[in-house]
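Here's the structure, in structure tokens; my notes come after.
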Amino acid sequence: MTYTSEFDVFDEVYTLINNIPTKCSVRVIHFPESSRGCSSFGNDFILYSLVDVKKLPLFDCISESTLDHIERYQREVGRTPKELFEKLLKIYKDR
């Protein structure tokens with residue numbers, strides 16, 4: 001199966017942090033390993049490491065650490081707050 005990431009590295013996206021839509025920057029994209037049987041899950045299981053854009057100016061002076069990364073699946077990330085909430089609504093509506 002071929003995975004297709006909806007976002008690229010350094011794209012600005014929105015995700016929920018403490019129930020507040022927060023603008024973040026994509027730093028790393030983790031694709032599922034097909035050997036683990038994840039191929040049936042599709043693109044929703046692509047994992048993004050994100051950094052809050054408010055913290056980005058700090059990294060001009062110090063090196064960025066993965067401790068500052070927030071991990072979210074593709075289904076939990078949107079280009080706009082509206083798109084984010086539409087994705088989240090779809091997840092909970094399907095339950």
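The values are calculated or read from the model by the stated rules, or taken from the named source; none is laboratory data. Just so it is clear, the model here is predicted, and its values are computed rather than measured. Neighbour counts are summed over all protein chains in view; Cβ atoms, including those assigned to glycine, are modelled from backbone coordinates with ideal geometry.
Residues checked against (1) at pLDDT 85 or above; (2) closer than 16 Å to residue 87 by Cβ; (3) within 10 Å of the chain's Cα centre (by Cα); (4) assigned to a loop (DSSP other than H, G, I, E, B):
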| residue | (1), (2), (3), (4) |
| --- | --- |
| 21 | yes, yes, no, no |
| 24 | yes, yes, yes, no |
| 29 | yes, no, yes, no |
| 35 | no, no, no, no |
| 39 | no, no, no, no |
| 57 | no, no, no, no |
| 63 | no, no, no, yes |
Scope the range 1-16; condition in contact with a strand residue (DSSP E or B) (Cβ under 6 Å, 6 or more places away or on another chain) and within 13 Å of residue 47 (Cα to Cα); matching residues: 5, 7, 9, 15
Qualifying residue in the range 76-86 (condition: within 13 Å of the chain's Cα centre (by Cα), of a type in the set (Lys, Arg) and either surrounded by 15 or more Cβ atoms within 10 Å (Cβ to Cβ) or modelled with pLDDT under 80 (or both)): no
